[in-house]
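Just below is one structure, and these are the notes that go with it.
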Amino acid sequence: MRVLGVDPGLTRCGVGVVEGVAGRPLTMLGVGVVRTPADADLGHRLVAVEQGLEQWLDEHRPEFVAVERVFSQHNVRTVMGTAQASAVAILCASRRGIPVALHTPSEVKAAVTGSGRADKAQVGAMVTRLLRLDAPPKPADAADALALAICHIWRAPAQNRLQQAVVAHAARAPRTPPASPRAPAAPHASKGRTA
């Protein structure tokens, strides 16, 4: 399985490609950052992110794209930029028919380090160890992108089995016929005097 991990951001969008299967040694095929100038127009920055991601997709031909799920932060401006870059990544992959998976930061940290509360240094150290690198990838956005790819490779088999089980269960479940509409109640005969 070849996965492009994307740590979305407008100024620095981390990208990393990892190949392998769960339970076997993984291989890093590439890592980097798509950068945009902070003082550029938003539209131009989004186009630059798109062009950068398209180059990575062209070069590495991943089977899956794993993107960090945007979560609420105190800085709304940062969240907006992250969400916009995330949407560009999803769009680029979807346009090519590449399945996209979204993973929360805590899922990624837990998958890679064993703790959903790990800091960036711990994630970088584990990525370095798992991919047998000489040094942690810099900047941290690049290491986070590799962590996303690793997380997806490790979680995808279990997620696929779970989805298959849900589909199989739904297919076996007895279908209950829709309830027939109730006939209107017969009007009660009045017991009063008739005029």
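The values are calculated or read from the model by the stated rules, or taken from the named source; none is laboratory data. Bear in mind the structure is a predicted one, so any value in this text is a computation, not a measurement. A quick note on method: Cβ atoms are made from the backbone with ideal geometry, for glycine too, and the neighbour counts reach across all protein chains shown. Ligands, DNA and RNA are stripped out before the accessible areas are found, and what is left, the full protein with its side chains, is counted by its heavy atoms. Shrake-Rupley method; radii C 1.70, N 1.55, O 1.52, S 1.80 Å.
Observations on the model:
- Centre-to-centre separation between the Cα atoms of the stretch 23-40 and those of the stretch 75-147: 9 Å.
- Placing a label point 7 Å from the Cα of ARG132 along the Cα-to-Cβ direction, the residues of the stretch 15-44 whose backbone N falls under 11 Å from that point are 25-28.
- The alpha carbons of the stretch 46-130 give a radius of gyration and a Dmax of 14.3, 36 Å, in that order.
- Rounded to 0.05, the FRET efficiency of the LYS120 and ALA168 pair, given R0 = 41 Å and the Cβ-Cβ distance, is 0.55.
- Placing +1 on the Cβ of every Lys and Arg and -1 on the Cβ of every Asp and Glu, with no other charges, gives the stretch 3-83 a dipole of roughly 280 debye about its Cα centre.
- Which of TRP154, TRP56 is most accessible, then next, and so on - probe 1.4 Å: TRP154, TRP56
- Between SER94 and LEU42, full extension at 0.36 nm per residue minus the direct alpha carbon distance yields a gain of 16.5 nm.
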